[in-house]
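The values are calculated or read from the model by the stated rules, or taken from the named source; none is laboratory data. This structure is a prediction, so every number in the text was calculated from the model and none was measured. Cβ placement follows ideal geometry from the backbone for every residue including glycine, while neighbour counts extend to all protein chains displayed. Protein only, heavy atoms only, side chains kept; ligands, DNA and RNA dropped before computing areas. Shrake-Rupley method; radii C 1.70, N 1.55, O 1.52, S 1.80 Å.
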Amino acid sequence: MKTIGLLGGMSWESTALYYKQINEEIKKRLGSLHSAKVVIYSVDFDEIEKLQHSGDWDKTAEILSEASKNIQNANADFLLICTNTMHKVAPSIQEKIDIPIVHIADATAKVLQNDGITKVGLLGTAFTMEEDFYKNRITDNFGIDVITPNKEDIKIIHKIIYEELCLGVINDNSRKEYLRIIEDLNSKGAQGIILGCTEICMLIKDEHTNTKLYDTTTIHANEAVNKALEL
């Protein structure tokens with residue numbers, strides 16, 4: 001079994017989900033007392049969040065690259081960045097380390113392809129929804145059209161992520177807003193919805209909607225298990 005490197009803390013709420021889901025999947029596949037070999041480096045999200053909103057992505061890349069070097073030095077075989085948004089600086093991080101990064105958008109797009117999805121809605125932080133680093137990777141490399149909410153709804157989604165979900169707060173009214181936005185994306189032709197922030201799965205689950213949901217946390221965690229077991 002290979003050792004999984006997790007670059008987490010963005011937020012720690014979703015990093016805890018990664019660790020739990022990876023180990024549950026290892027147990028499911030291997031049985032007995034098996035658990036995953038994991039190295040976790042968890043950063044202080046307050047520092048990262050301030051840099052995100054000030055637009056200092058170079059500094060975030062510097063911090064996360066140093067953290068990734070520590071993960072590599074702890075003998076991880078590959079790295080997961082446990083957040084969709086910070087894949088914006090994944091190329092910069094990859095330049096600083098020798099172990100491969102398992103990209104969350106690639107893992108998600110492969111599942112979309114397998115399900116025959118050609119047009120998908122994307123929920124996430126404003127950075128993920130508005131910028132091209134995530135959407136274009138899916139469209140250019142996998143031929144899947146990615147659509148996003150309108151500007152006002154993007155603000156609502158972003159606010160709920162940072163002011164509620166990253167703090168572990170689950171609000172029924174916020175869930176209703178997300179479900180309304182999902183329905184709007186459905187009306188525009190989305191065949192499914194990417195939960196493109198690793199905290200959204202805390203708020204929106206399959207039982208809340210008939211829409212096919214693609215939870216990037218679970219997808220990424222499962223891909224890590226595949227890599228660890230060389231599947």
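Okay, residues lined up against (1) assigned to a helix (DSSP H, G or I); (2) of a type outside the set (Phe, Trp, Tyr):
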{"position": "Tyr18", "(1), (2)": "yes, no"}
{"position": "Lys27", "(1), (2)": "yes, yes"}
{"position": "Ser32", "(1), (2)": "no, yes"}
{"position": "Asp46", "(1), (2)": "yes, yes"}
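Here Thr216 fulfils each of the conditions (1) more than 16 Å from Thr128 (Cβ to Cβ); (2) within 17 Å of the chain's Cα centre (by Cα); (3) not charged (D, E, K, R) apart from (1). Tell me, please, whether a residue that is part of a loop (DSSP other than H, G, I, E, B) and either touching a Pro at 6+ places or on another chain (Cβ under 9 Å) or β-branched (Val, Ile, Thr) (or both) can be found in the stretch 213-222. No, because not a single residue in the stretch 213-222 is part of a loop (DSSP other than H, G, I, E, B) and either touching a Pro at 6+ places or on another chain (Cβ under 9 Å) or β-branched (Val, Ile, Thr) (or both).
Against the numbered list (1) open to solvent by 10 Å² or more (accessible area, probe 1.4 Å); (2) at pLDDT 95 or above; (3) closer than 27 Å to Ile138 by Cβ, Glu13 comes up short only at (2).
The residue that is nearest to the chain's Cα centre (by Cα), counting only those in the stretch 191-205 that are hydrophobic (A, V, I, L, M, F, W, C) and closer than 18 Å to Glu130 by Cα, is Cys197. For Asn70, are the conditions met, namely being within 20 Å of Trp12 (Cα to Cα) and at pLDDT 95 or above? Yes: the conditions hold for Asn70.
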